[in-house]
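The values are calculated or read from the model by the stated rules, or taken from the named source; none is laboratory data. Source: prediction; values computed, not measured. As a convention, Cβ positions derive from the backbone with ideal geometry for all residues, glycine included, and neighbour counts pool all protein chains shown. Ligands, DNA and RNA are excluded from the accessible area calculation, which covers all protein heavy atoms including side chains. Shrake-Rupley method; radii C 1.70, N 1.55, O 1.52, S 1.80 Å.
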Amino acid sequence: MIVPYSHILLLSALLFVLGMLCAVTRRNLIMVLLGLEIMLNAGAVAFVGAALRWQQIEGQTMVIFILAVAAAEVSIGLALIVFAYRRTGSLDPQSIKDLFSTERP
Amino acid sequence: MTAATPDTVTTAAVLLATGLPFAAFALIMAALRGRPRLCAGLSIAAITVSLSAALLLLVRHWHMTAPIGAAAQWLVSGRITVSIGFLLDPTSLLMLTIVTAISFLVQVYSLGYMAGDPGFARYYGCMSLFAWAMTSLVVSPTMLQLYVFWELVGVASYLLIGFWYEKFSASEAGKKAFVMTRTGDVAFFLGLLLVLVHFGNLDILKMNAGDVPLHMPPAMITLSALLIFGGIVGKSAQFPLLTWLPDAMEGPTPVSALLHSATMVAAGVYLFARLFPFFRLSPTAMTVFLAIGTISMLLASTMAMVTRDIKQVWAYSTISQLGFMIMGLAAGGYVAGVFHLTTHAGFKALLFLCAGVFIHTFGTNDMFAIGRAGGRALKIPMICMTIGAAALAGLPPLSGFFSKETIMGRLAGLSNPLWLGAGLLGAFLTAYYTFRLIFAVAVPAPEKSGDEAPVGAPHGGHGGDPHHDRHYRLMAAPLVVLAGVTLALGWAHGALGRFLTAVDPGLDAHPAAHLAWLPYVAIGLALAGVLLAWVEFGRTASARIGFVERVEPVARLFARRWYIDDFYRWFLDRVVYARLSAFCDQGDRRVIDGGLDAVARGTVGGSRRLSVLHLSMVQYKMMVIFAVMGLLTLYFFLG
């Protein structure tokens with residue numbers, strides 16, 4: 001391998017942490033969704049590196065699966081964000097927490 | 001000594017005598033409250049069988065030389081065995097006969113007295129409960145079983161004293177009786193525990209057998225004797241727990257006749273007789289008992305001299321006579337004490353039942369009001385009451401004379417003449433207050449205005465002619481029977497004495513001192529009391545004020561029961577409620593409730609803080625997830 005396996009894993013880890021930070025600190029639900037996407041793709045990078053390291057094609061098939069799952073998840077997530085925007089009129093995570101209330105009115 | 005095994009007839013008789021009243025009680029209370037006459041019939045049938053069984057046992061075992069008993073093991077714990085069963089010896093056979101006979105007569109009397117009362121069925125249920133508890137107490141072989149039935153008798157007493165519970169004073173009196181006897185029973189139980197711990201079991205025969213000193217040091221014997229006597233003080237209304245008995249007169253008169261004169265309060269004296277050899281092991285304790293009996297006797301006599309209520313006079317008289325019995329027993333006179341118990345049961349029940357007829361007819365308890373309303377016109381009660389009063393005063397040839405003489409003989413045998421002097425003084429006072437009542441009813445004052453209002457009884461008076469009333473006949477028959485017994489029982493003294501000591505001749509070991517002048521002095525004092533009462537109350541022109549009532553402070557002292565009740569009220573309010581109860585209350589509210597409230601508040605506050613993470617923005621939740629992931633990573637790769 002041209003690039004040592006540990007570097008690929010380090011890249012994957014850094015990407016994952018950046019995605020985590022993006023998901024946790026942004027005030028816009030769509031940016032939270034972006035952060036989730038970055039985390040998923042970081043995982044995909046780790047799988048590709050592993051496929052190269054052990055010369056097994058299954059790693060790359062796993063990436064195809066991840067992309068499919070990410071697409072489905074984003075479509076559902078965007079639908080939920082549209083619903084929340086219609087209910088509360090804003091994309092701030094603070095404003096939607098009352099939708100999670102479990103108290104009976 | 002050990003008990004001989006009983007034969008089938010004896011066992012059956014004992015079980016019937018104690019069990020049938022229980023069956024009657026259970027049936028009445030559970031199912032038959034709506035049918036009063038059936039309840040009365042059931043209860044009377046049960047007590048009749050009990051009476052027959054008791055008489056059968058008495059006749060069958062008249063010549064017994066050893067106690068008879070049977071017991072089954074109930075609980076075993078380590079080296080302590082608790083058994084239930086029965087024990088028959090002469091004293092218990094005699095007491096069983098007394099209890100069942102007087103219960104029977106009182107229940108028949110109640111058919112007339114309580115007729116028309118809305119609680120008629122409940123009354124007979126409680127009467128059966130009492131009969132069961134008292135008969136079982138009498139035949140108990142161990143102190144623990146006796147204690148159980150002792151408490152049950154107290155429950156029956158509470159239920160019957162507060163029978164007319166809508167009346168506040170009646171329910172208060174029931175409560176007071178129960179609490180005061182319970183206080184004595186605490187001491188009783190402590191004494192039993194001491195005996196149990198040191199001696200190993202509570203079997204009556206074993207406790208009396210004489211090897212208790214091998215297991216218990218003398219100080220411990222004295223202490224346990226004194227504590228057990230605390231129960232007797234409570235139950236038999238001796239000083240200082242004597243004020244519940246006059247208040248217990250709030251109950252129906254047949255109840256007073258049965259429980260609070262002849263049987264329940266006599267249970268204390270019966271217990272004394274039961275454990276007589278055990279108590280005799282401690283001369284100190286016997287002296288204390290003698291003192292308490294003397295004080296009660298004299299105190300109650302003084303209280304009886306100033307009261308206007310018929311039933312209260314007989315109540316104080318009961319306390320006084322029980323004190324006298326205890327004096328006799330404590331002086332070493334076993335037969336004397338038990339014989340006086342027997343005769344007293346007869347004539348005191350008679351006196352109460354006669355009073356009941358007057359109360360039922362005239363609707364008042366005040367003796368002067370009864371006299372004015374024409375009490376002497378009721379011939380049978382008047383004559384029977386005079387016979388009973390003469391027996392109580394100790395006039396020959398009635399039964400009371402014989403039993404009092406025996407006790408006086410015992411008191412004379414003691415080294416200190418103080419006791420005999422007190423006994424003779426008591427005899428004088430007894431005759432005085434007894435005949436004060438008789439003359440107040442028989443020789444009413446001529447009409448004058450401005451007399452005090454009579455003490456009302458909850459039982460309304462009858463308007464019509466009482467003599468041909470069916471109820472009157474039902475009430476008069478037991479009076480005649482008891483009067484006959486009072487006349488005849490004195491002559492049975494010798495036979496009863498031999499019967500009682502047949503099993504254990506050591507009971508009456510030291511014979512009484514035979515002072516020839518003693519009977520004459522006693523009769524003389526009794527006649528002097530009667531004469532004084534006649535001078536003050538019996539002559540038509542007399543002022544009807546007793547010599548005590550002329551001295552205002554003394555009369556007030558006696559009427560306020562020597563301020564014993566006031567002392568108790570003060571003690572309860574200032575010491576118990578204000579200090580002890582308040583302290584416990586503060587502890588309960590601040591420490592226990594406060595502690596629990598603080599735990600609850602802490603839980604709620606903590607949860608409120610932690611819920612910030614839960615009920616907040618979705619990103620905080622994600623932060624928690626990532627934090628946990630990070631920690632797990634560290635754990636797996638570095639741990």
Quiz prompt | Any hit, the range B:196-209, residues being open to solvent by 40 Å² or more (accessible area, probe 1.4 Å), in the same structural domain as B:Met327 (by TED's automatic domain parsing), touching a His at 6+ places or on another chain (Cβ under 6 Å) and free of Cβ contacts under 8 Å to residues at least 40 places away in the same chain | solution = yes
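Okay, residues lined up against (1) charged (D, E, K, R); (2) touching a His at 6+ places or on another chain (Cβ under 9 Å):
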{"residue": "B:Gly332", "(1), (2)": "no, yes"}
{"residue": "B:Gly337", "(1), (2)": "no, no"}
{"residue": "B:Leu341", "(1), (2)": "no, no"}
{"residue": "B:His344", "(1), (2)": "no, no"}
{"residue": "B:Asp366", "(1), (2)": "yes, no"}
{"residue": "B:Ala373", "(1), (2)": "no, no"}
{"residue": "B:Leu378", "(1), (2)": "no, yes"}
Quiz item: Among (1) within 14 Å of chain A (Cβ to nearest Cβ); (2) assigned to a loop (DSSP other than H, G, I, E, B), where does B:Ser542 come up short?
Solution: (1)
Quiz item: Got a sec? Which of B:Leu32, B:Leu15, B:Leu51 is open to solvent by 40 Å² or more (accessible area, probe 1.4 Å) and under 30 Å from B:Met114 (Cα atoms)?
Solution: B:Leu15
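Please determine whether any residue of the range B:225-232 is over 22 Å from B:Trp314 (Cβ atoms), modelled with pLDDT under 90, in a helix (DSSP H, G or I) and open to solvent by 50 Å² or more (accessible area, probe 1.4 Å). Give the steps one after another, and end with the answer.
If we filter the range B:225-232 for residues that are over 22 Å from B:Trp314 (Cβ atoms), which is where we start, we get B:225-231.
Filter again for modelled with pLDDT under 90, leaving none.
Scanning the range B:225-232 turns up no residue that is over 22 Å from B:Trp314 (Cβ atoms), modelled with pLDDT under 90, in a helix (DSSP H, G or I) and open to solvent by 50 Å² or more (accessible area, probe 1.4 Å).
Scan the range B:97-117 and give yes if some residue there is closer than 23 Å to B:Gly231 by Cα, touching a residue at least 24 places away in the same chain (Cβ under 8 Å) and either aliphatic (A, V, I, L, M) or not assigned by TED's automatic domain parsing to the domain that holds B:Asp185 (or both), otherwise no. Before the answer, list the steps.
Here is the first cut: in the range B:97-117, the ones closer than 23 Å to B:Gly231 by Cα are B:98-99.
Of the ones still in play, those that are also touching a residue at least 24 places away in the same chain (Cβ under 8 Å) are B:98-99.
Of the ones still in play, those that are also either aliphatic (A, V, I, L, M) or not assigned by TED's automatic domain parsing to the domain that holds B:Asp185 (or both) are B:98-99.
Checked against the condition, which is being closer than 23 Å to B:Gly231 by Cα, touching a residue at least 24 places away in the same chain (Cβ under 8 Å) and either aliphatic (A, V, I, L, M) or not assigned by TED's automatic domain parsing to the domain that holds B:Asp185 (or both), the range B:97-117 yields at least one hit.
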Quiz item: Quick one: would you say B:Ile80 is of a type in the set (Val, Ile, Thr) and under 26 Å from B:Arg473 (Cα atoms)?
Solution: no
Practice problem: Give the residues of the range A:1-58 that are away from every other protein chain (no Cβ under 13 Å) and basic (Lys, Arg), sorted by residue number. | Solution: A:Arg53
Self-check item: In the range B:276-304, the residues that are closer than 20 Å to B:Arg550 by Cβ and surrounded by 22 or more Cβ atoms within 10 Å (Cβ to Cβ)
Solution: B:Ser301, B:Met303, B:Ala304
Quiz item: If the Cβ limit is 8 Å and pairs must be 6+ apart or interchain, which residue in the range A:80-105 that is within 11 Å of chain B (Cβ to nearest Cβ) and in a loop (DSSP other than H, G, I, E, B) pairs with which residue that is modelled with pLDDT of 85 or more and surrounded by 12 or more Cβ atoms within 10 Å (Cβ to Cβ)?
Solution: A:Asp92/A:Arg27; A:Asp92/A:Asn28; A:Asp92/A:Leu29
Practice problem: Working only within the range B:251-276, note down all residues that are at pLDDT below 90, in a helix (DSSP H, G or I) and not hydrophobic (A, V, I, L, M, F, W, C). | Solution: B:His260, B:Ser261
Quiz item: Just checking, how many residues over the range B:189-213 are closer than 14 Å to B:Arg274 by Cβ, touching a Ser or Thr at 6+ places or on another chain (Cβ under 7 Å) and assigned to a helix (DSSP H, G or I)?
Solution: 4
Quiz item: Which residues, taken from the range B:589-630, are open to solvent by 70 Å² or more (accessible area, probe 1.4 Å), more than 14 Å from every other protein chain (Cβ to nearest Cβ) and modelled with pLDDT of 90 or more?
Solution: B:Arg589, B:Arg590, B:Val591, B:Ile592, B:Leu596, B:Asp597, B:Val599, B:Arg601, B:Thr603, B:Val604
